[in-house]
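The values are calculated or read from the model by the stated rules, or taken from the named source; none is laboratory data. Given the structure is predicted, the values throughout are model-derived calculations rather than measurements. Here the Cβ positions follow ideal geometry from the backbone for every residue, glycine too, while neighbour counts run over all protein chains shown.
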Amino acid sequence: MSDQITARPVGTVRGGRKEPSDDGWQQVEARIELDPALFGPQATAGLGEFSHVEVLFHFHLVALETIETGTRHPRGNPDWPKVGIFAQRCKNRPNRIGSTICALVSVDGLTLRVRGLDAIDGTPVLDIKPVMTGFLPRGEVWEPKWAGELMKGYW
């Protein structure tokens with residue numbers, strides 16, 4: 001058994017923001033251009049019938065030496081408790097994988113227009129999945145107070 005996983009990007013984020021930012025992503029529009037060497041237009045057949053997609057992507061600009069594996073204050077804010085890396089969604093994750101549910105504006109062949117994807121221009125996209133209500137959380141969802149405070153300006 002190998003402890004290494006190799007993933008080939010399925011596409012790339014184009015447009016939107018050029019630099020990472022902590023807030024204000026809701027109105028940001030970008031394109032996801034799927035790799036035509038890997039896919040034909042049939043790969044997106046039926047996708048346009050969904051309102052949202054979940055995009056898995058690689059935080060490619062995060063330096064390996066900044067990876068977090070222990071605890072830290074979210075956004076470096078000492079008013080919030082130190083929590084483990086798996087209790088937050090920062091970009092300095094062990095495998096530098098991001099995940100966002102965003103609005104699907106349109107599908108044109110191998111190009112998806114999305115709104116609210118918190119990934120920057122040039123970000124490698126690892127996978128795209130339609131959002132289906134059957135896969136959303138069942139039952140009550142809760143979070144600590146600091147998480148709500150952190151997200152106030154994000155979207």
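In this structure, residue 96 qualifies as surrounded by 11 or more Cβ atoms within 10 Å (Cβ to Cβ), touching a His at 6+ places or on another chain (Cβ under 7 Å) and either among the charged types (D, E, K, R) or within 23 Å of residue 152 (Cβ to Cβ) (or both).
Residue count for segment 86-121 satisfying the condition of being of a type in the set (Lys, Arg) and either farther than 21 Å from residue 143 by Cα or in contact with a strand residue (DSSP E or B) (Cβ under 6 Å, 6 or more places away or on another chain) (or both): 3.
The residue pairs whose first member lies in segment 132-155 and is touching a residue at least 60 places away in the same chain (Cβ under 8 Å), whose second member is surrounded by 10 or more Cβ atoms within 10 Å (Cβ to Cβ) and of a type in the set (Gly, Ala, Ser), and whose beta carbons are closer than 7 Å, counting only pairs six or more residues apart or on different chains, are 153/24; 155/116. Looking across segment 58-72, the residues that are surrounded by 13 or more Cβ atoms within 10 Å (Cβ to Cβ) and either hydroxyl-bearing (Ser, Thr, Tyr) or touching a helix residue (DSSP H, G or I) at 6+ places or on another chain (Cβ under 9 Å) (or both) come down to 67, 68, 72.
Of the strands (runs of 3 or more DSSP E) entirely within segment 42-155, those holding at least 1 residues that are of a type in the set (S, T, N, Q) occupy 97-108, 111-115.
Of the candidates 13, 62, the single residue that is out of contact with any Cys (no Cβ under 8 Å at 6 or more places or on another chain), free of Cβ contacts under 8 Å to residues at least 60 places away in the same chain and at negative phi is 62. Apart from one condition, residue 19 fits all of (1) outside any strand (DSSP E or B); (2) under 26 Å from residue 130 (Cα atoms); the exception is (2). Residues that are surrounded by 12 or more Cβ atoms within 10 Å (Cβ to Cβ) and closer than 12 Å to residue 125 by Cβ: does segment 2-9 have at least one? Within segment 2-9, one or more residues are surrounded by 12 or more Cβ atoms within 10 Å (Cβ to Cβ) and closer than 12 Å to residue 125 by Cβ. Just one residue in the set 107, 114, 55 is surrounded by 17 or more Cβ atoms within 10 Å (Cβ to Cβ), within 19 Å of residue 7 (Cβ to Cβ), of a type in the set (A, V, I, L, M, F, W, C) and touching a residue at least 60 places away in the same chain (Cβ under 8 Å); that residue is 55. Consider segment 122-155 and keep the residues that are charged (D, E, K, R) and over 13 Å from the mean Cα position of the chain (by Cα). The one that is surrounded by the most Cβ atoms within 10 Å (Cβ to Cβ) is 149.
On inspection, residue 38 qualifies as in a loop (DSSP other than H, G, I, E, B), at pLDDT 95 or above and of a type outside the set (Ser, Thr, Tyr).
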